[in-house]
């Protein structure tokens, strides 16, 4: 049986009893210290399934935090335990390297008189209940001053890389990809809302927080920026549980005033309602930490898409890579129209696939 059939069978089984009741989610809540509940027993087959999901969702280190705390009788088979342990150790070491890079780049730009702020990743990792369990990705560091000034600083460092629409990409030490941002985020695909989001984020980034060996944004900034980031990726690439766990810790870090009207003005209220449903049903987050009210219908669509596609859409149950280019784009446009009905603020995502395939190819230049 191939990966597609296995995943399809798994989806049918889960949908019959609800995502949040599956052993994987019980273990996830246990790992994050949300609940002390554990499954009564987990079969060898189920452990293999949980391992696969953890890989797909980039939460191997998080789930192993649960395994370490579990009674020995409930832990996975020894061979699987050892594989998982090795991966968790690799993730812990990768976090150390990423933190060192965040510190190094902060010091480099500070020496040039530039204010910086580490976005998402390693800043989020500081919020987790345990060190070194979050799977690190790119190191995103915002440098104040705008594109022209930031590029001048980078030219003075004699770096080789490529310029994208909102950052400069370079390979850091230890093979860690580094994105030096002159804009905080991609923002919204809707031009009207994008102008608002970009201005809002730039205003908020005037205030940062000193954390460990680098600076991070305020929780208020993260509530908007990371929601906007997930919305941007939702249709084009997919959203993973790692991103949702990050956002859970962002929201949990402090009680949140009602931001419904502000999120609506920024074009984030509909997608925000979907995310808040996941925060309530999967992570059991109290309402006092939610910036907008949850919406069950939108939330179910989001969670189903997350669990089917995995990290950035890499594990979708059906592969369309072999389809002709036109067929792929027609199918993707129909998907976008469906999501636009649920998330109408991003109406311009209908052309996002064409922007992704054509515009970016001709506007990404080498530095």
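Could you tell me the calculated FRET efficiency between residue 202 and residue 89, based on Cβ-Cβ distance and R0 = 35 angstrom, to the nearest 0.05? Rounded to the nearest 0.05, the efficiency is 0.35.
Highest mean first, how do 104-112, 209-217, 222-230, 182-190 rank when packing is the count of other Cβ atoms within 10 Å averaged over residues? Please report the intermediate quantities before stating the final value.
On the way: 104-112: 15.9, 209-217: 17.4, 222-230: 24.1, 182-190: 21.6.
Descending mean neighbour count gives 222-230, 182-190, 209-217, 104-112.
Note the full-extension length gain between residue 192 and residue 78 as 0.36 nm times their separation in residues minus their Cα-Cα distance, in nm to one decimal.
On the way: separation 114, 0.36 × 114 = 41.04 nm, distance 5.45 nm.
So the chain would gain 35.6 nm between residue 192 and residue 78.
Based on the mean of other beta carbon atoms within 10 Å per residue, what is the order of 258-264, 273-279, most packed first?
Numbers: 258-264: 15.7, 273-279: 24.6.
Going by the mean number of other Cβ atoms within 10 Å, highest first, we get 273-279, 258-264.
Among 145-151, 40-46, 200-206, 56-62, the peptide with the highest mean count of other Cβ atoms within 10 Å heads the list, and the full ranking is 56-62, 200-206, 145-151, 40-46. Spherically averaged projected area of the convex hull of Cα atoms, segment 50-196: 10.8 nm².
For residue 173 and residue 115, what is the calculated FRET efficiency with R₀ set at 35 Å and r taken between the beta-carbons, to the nearest 0.05? Calculated value: 0.95. How would you classify segment 121-242 from its alpha-carbon gyration tensor, with a ≥ b ≥ c the square roots of the eigenvalues: rounded for a/c under 1.5, else prolate if a/b is greater than b/c, otherwise oblate? It comes out rounded by the Cα gyration axes.
Report the extension gain between residue 164 and residue 253 in nm, rounded to one decimal, defined as 0.36 nm multiplied by the number of residues separating them, less their alpha carbon distance.
Values: separation 89, 0.36 × 89 = 32.04 nm, distance 3.16 nm.
Full extension from residue 164 to residue 253 adds 28.9 nm.
Counted residue by residue at 0.36 nm each, then reduced by the alpha carbon distance between them, the extension gain from residue 210 to residue 107 reaches 35.8 nm. Between residue 233 and residue 338, how high is the FRET efficiency from 1/(1 + (r/R0)^6) when r is the Cβ-Cβ distance and R₀ = 22 Å? Nearest 0.05. It comes to 0.85.
Kindly identify segment 31-90 as rounded, prolate or oblate by the Cα gyration tensor criterion: order the square roots of the eigenvalues as a ≥ b ≥ c, call it rounded if a/c is under 1.5, otherwise compare a/b with b/c, prolate if a/b is larger, else oblate. Don't skip to the end; give the middle numbers.
Working: a/c = 1.37, a/b = 1.12, b/c = 1.22.
Verdict is rounded for segment 31-90.
Segment 134-165 and segment 210-282 have Cα centres spaced 24 Å apart.
All of the numbers you see were taken from the coordinates with simple rules; none came from a lab. This structure is a prediction, so every number in the text was calculated from the model and none was measured. All Cβ positions, glycine included, derive from the backbone under ideal geometry; neighbour counts span all protein chains shown.
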